[in-house]
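Read the structure below first, then the notes.
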Amino acid sequence: MRQPPAPKRVGRVRLPRRGAALSIVCSAALVLGSTVFAASQFTTQLADDFDTNREVVETGINQETAAFDDGEMNILVLGSDAREDEESEEQRSDTMMLVHVPESREEMYVMSIMRDLWVEIPDVGMSKINSAQTYGGYPLTIKTIEGLTGAEIDHMVVIDFDGFRDLTTALGGVEIDNDMAFSAGQVNPSYYPEGKIRLEGTDALRFVRERKAFIDGDYQRVKNQQKFLTGIATGVLDSATLTNPTKISGMVSAFTPYLTVDESLDAETLVNYGLSMNKLRPSAITSFTIPNTGTGTTPGGASVVWPDEESLIEMRTAMDEGTMAEFVEELEARLEQERTEGTGAPTEEAPLEEAPVTPEDTVL
């Protein structure tokens, strides 16, 4: 089926940002796991704490292929905030990122997936990508993202944002460069001025959750989450942190209880990954959003983000052939041209047969 005329874009399509993906090292527990464990003199105790306090869930990931090896690596990172508090349900954050590390382990690509991306959910139909969790839990979420990206996922990490809140306190705050001033929170709201700010505790949690304060909503929230995680990674990687056993122990204790992982992702695996990526440098890390053509409405009335099918095909090919650097460079140039000219790639029609409606307060 062909689609109605392409919907008008809302806000801006974010360009790939090189270096920002250092954030994912932390969010995937590759900093708290790999870097901290591998660099610390107290690896055994930290590893015991990690393996004892993490929550393990069934994911359907092939345990044989997920075992540590020297091939390429794909880790799905889901960020959630499912606690009940003062904030409205619409403000709850759910973040989806796919971390792709080529076989050389000298590059890293972090792909943010918009939660309202309109995709095919296996055995369900067309729906927003984050509804896969409601229909079939983590196994269906993984299967859906594998179908979207063409990547075989080796591991999954789910991080409750409460963990980030407590981690910022353990770090003594996280410094970021805020793009624009805004407020967040319905009760005793937090204010975030433009420029360099230091985040800690509830203020940090609100910063990564807020979207209603921005014209482009989730696009800006994704960017803020990347900035926040980059700030955490910077704090964790600081030499003053890595040489401070008390601080390291405090971070692991604060973070691990909020971590859910697949069956095979333990401390030993994290250490092995960290050691295998010892040549990875920030300049070789790239962060970008899964290609999309903007926002619109399905025939059934759902507000969604349209995937850029043509670019997704190119991305799958690039991952298979080890040419992600070239793909990202071309994508960046194309998006910049579209932004300058005010044009966008044509989108395909959303199928008229949509998946059943899911609860509005569903989060990953």
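The values are calculated or read from the model by the stated rules, or taken from the named source; none is laboratory data. Note that this is a predicted model, so its numbers are computed, not measured. Cβ sites come from the backbone with ideal geometry, for glycine too, and all protein chains shown count toward neighbours.
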### Task
Among residues belonging to the range 58-69 that are modelled with pLDDT of 70 or more and out of contact with any helix residue (DSSP H, G or I) (no Cβ under 6 Å at 6 or more places or on another chain), point out the one that is farthest from MET96 (Cα to Cα).
GLU64
#### Entry: Criterion: in contact with a helix residue (DSSP H, G or I) (Cβ under 8 Å, 6 or more places away or on another chain), over 30 Å from MET126 (Cα atoms), at pLDDT 90 or above and not in a strand (DSSP E or B) - qualifying residue of GLU326, GLU314
GLU326
### Summary
Residue pairs qualifying under the 7 Å Cβ cut-off, at least six apart or on distinct chains, with the first in the range 174-191 being under 14 Å from LEU205 (Cα atoms) and touching a residue at least 40 places away in the same chain (Cβ under 8 Å) and the second being loosely packed, with under 12 Cβ neighbours inside 10 Å and among the basic types (Lys, Arg), are GLU175/LYS196
### Query
Any chance the range 258-265 includes a residue that's over 18 Å from the mean Cα position of the chain (by Cα) and either more than 20 Å from MET97 (Cβ to Cβ) or surrounded by 22 or more Cβ atoms within 10 Å (Cβ to Cβ) (or both)?
yes
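Residues are listed down the side, and each one gets a yes or a no for (1) within 25 Å of THR298 (Cβ to Cβ); (2) at pLDDT 90 or above; (3) buried (at least 22 other Cβ atoms within 10 Å of the Cβ):
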site: ASP85; (1), (2), (3): no, no, no
site: GLU90; (1), (2), (3): yes, no, no
site: MET97; (1), (2), (3): yes, no, yes
site: ASP116; (1), (2), (3): yes, yes, no
site: MET126; (1), (2), (3): yes, yes, no
site: ILE153; (1), (2), (3): no, yes, yes
site: MET156; (1), (2), (3): no, yes, yes
### Task
Scan (1) touching a His at 6+ places or on another chain (Cβ under 9 Å); (2) more than 23 Å from MET73 (Cβ to Cβ) for the single condition LYS196 breaks and write down its number.
(1)
### strands (runs of 3 or more DSSP E) wholly inside the range 103-218 that include at least 3 residues being of a type in the set (A, V, I, L, M)
108-113, 155-160
### Query
Restricting attention to the range 211-229, and to residues there that are in contact with a Gly (Cβ under 8 Å, 6 or more places away or on another chain) and of a type outside the set (A, V, I, L, M), which single residue is modelled with the highest pLDDT?
PHE214
### Task
Confirm whether ILE290 is touching an Asp or Glu at 6+ places or on another chain (Cβ under 9 Å), at pLDDT 90 or above and under 27 Å from GLY125 (Cβ atoms).
yes
### Test: residue in the range 128-137 that is touching a residue at least 40 places away in the same chain (Cβ under 8 Å), among the aliphatic types (A, V, I, L, M), within 20 Å of ILE313 (Cα to Cα) and out of contact with any Cys (no Cβ under 9 Å at 6 or more places or on another chain)
no
### Query
Which residues, counting only those in the range 167-194, are buried (at least 21 other Cβ atoms within 10 Å of the Cβ) and within 20 Å of the chain's Cα centre (by Cα)?
LEU167, THR168, VAL174, ILE176
